[in-house]
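> One structure is given below, represented as structure tokens, and several questions about it will come after.
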Amino acid sequence: MSDTPWTWQGKNLRLMVHVQPGAKSTQLSGLHGDRLKIRLNAPPVDGKANRRLIAFISEIFRVPKSSVSIDKGESSRHKTLLIEDPQFLPSEFLTLQSKKAMVPTQDSQ
């Protein structure tokens, strides 16, 4: 298991997320278990939350919406996204990686 909520597959980035639709604002909200938690200001009806998620991810990774797809979990809060050939990794992800590295594992206790 990766120590981050994302893995690289060649030039593509696979991102594991937990979404919270119906929030006041759309934002990264830390980790939820081994997934990145994202709050969405869209309701979970008629695909609105999924469309907002794709738009948000395309904004923060600076890629076109067409480069972001939901690979798994289209109707679930746990989703796996595929981002095609991102050229930018938001600083929030690097911060999360360093925070996660500081959390002791069962092996190190």
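The values are calculated or read from the model by the stated rules, or taken from the named source; none is laboratory data. These figures come from a predicted structure and were not determined experimentally. Cβ placement follows ideal geometry from the backbone for every residue including glycine, while neighbour counts extend to all protein chains displayed.
> Scan the stretch 1-20 residue by residue and report those that are part of a loop (DSSP other than H, G, I, E, B) and under 15 Å from Asp71 (Cβ atoms).
Passing the criteria: Pro5, Gly10.
> Another question, then. Give me a count of the residues in the stretch 24-58 that are more than 20 Å from Asp71 (Cβ to Cβ) and in contact (Cβ under 8 Å) with a residue 40 or more places away in the chain.
The total comes to 1.
> Residue pairs, Cβ under 9 Å, 6 or more apart or interchain, first in the stretch 65-90 and more than 14 Å from Arg14 (Cα to Cα), second among the small types (Gly, Ala, Ser). List them.
Lys65/Ala55; Lys65/Ser58; Ser66/Ser58; Glu74/Gly47
> Filter the stretch 1-22 for residues that are in contact with a Leu (Cβ under 6 Å, 6 or more places away or on another chain) and farther than 25 Å from Asp85 by Cβ and give the result.
Pro21
> Quick test for you: out of Ala23, Ala42, pick the one residue that is part of a loop (DSSP other than H, G, I, E, B), surrounded by 17 or more Cβ atoms within 10 Å (Cβ to Cβ) and either at pLDDT 95 or above or in contact with a Lys or Arg (Cβ under 8 Å, 6 or more places away or on another chain) (or both).
None of the others qualify; the one that does is Ala42.
> Could you list, in sequence order, all residues of the stretch 45-64 that are assigned to a loop (DSSP other than H, G, I, E, B), of a type outside the set (Val, Ile, Thr) and either over 19 Å from Leu13 (Cβ atoms) or in contact with a Lys or Arg (Cβ under 9 Å, 6 or more places away or on another chain) (or both)?
Asp46, Gly47
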